[in-house]
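Working notes for the structure below.
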Amino acid sequence: MAANRIRLKIDLSGSTGEEAWRALRHYDEIDEAHYGPAFGSSGECGHPAGQPHAPGEWMGAQVELPSPIIAQYAIRHYVKQPRVLDAEVEE
Ligand SMILES: [Zn+2]
């Protein structure tokens, strides 16, 4: 188990494409950040690409930090942001 990796659940409702992900403010000390359905999602979009996501749509992301303690600080940083539904250490 890599306690230096965290998973984020990002609320997409009303945003378009990867807008919500791009607007996320990252923690200063991240090593890597990845976004996409490989990290969980609410499923395929039922609307045309380019149209805003529907209420309830979400997408997962993974952020890698240099150490488990920094990961804990990063979780606190991410959960404060309105688009972040959940942030937890990856299991
Ligand atoms: Zn969508």
* Structure fact -> Glu57 passes all but one of the listed conditions (1) out of contact with any helix residue (DSSP H, G or I) (no Cβ under 7 Å at 6 or more places or on another chain); (2) more than 8 Å from the ligand (Cβ to nearest atom); (3) closer than 18 Å to Val79 by Cα; the exception is number (2)
* Filter result (exposed (fewer than 14 other Cβ atoms within 10 Å of the Cβ) and touching a residue at least 12 places away in the same chain (Cβ under 8 Å)) within region 19-33 -> Ala23, Arg25, His26, Glu29, Asp31, Glu32
* Considering region 1-35 alone, what residues qualify as being within 16 Å of Asp86 (Cβ to Cβ) and in contact with a Pro (Cβ under 9 Å, 6 or more places away or on another chain)? -> Asp11, Leu12, Ser13
* To do: Read through the list (1) within 16 Å of the ligand (Cβ to nearest atom); (2) surrounded by 13 or more Cβ atoms within 10 Å (Cβ to Cβ), then give the number of the only condition that Gly50 fails.
  => (2)
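Laboratory data are not the source of any read-out in this text; all were calculated from the coordinates shown. All values derive from a computational prediction rather than experimental measurement. Note that each Cβ is placed from the backbone with ideal geometry, even for glycine, and that neighbours are counted across all protein chains shown.
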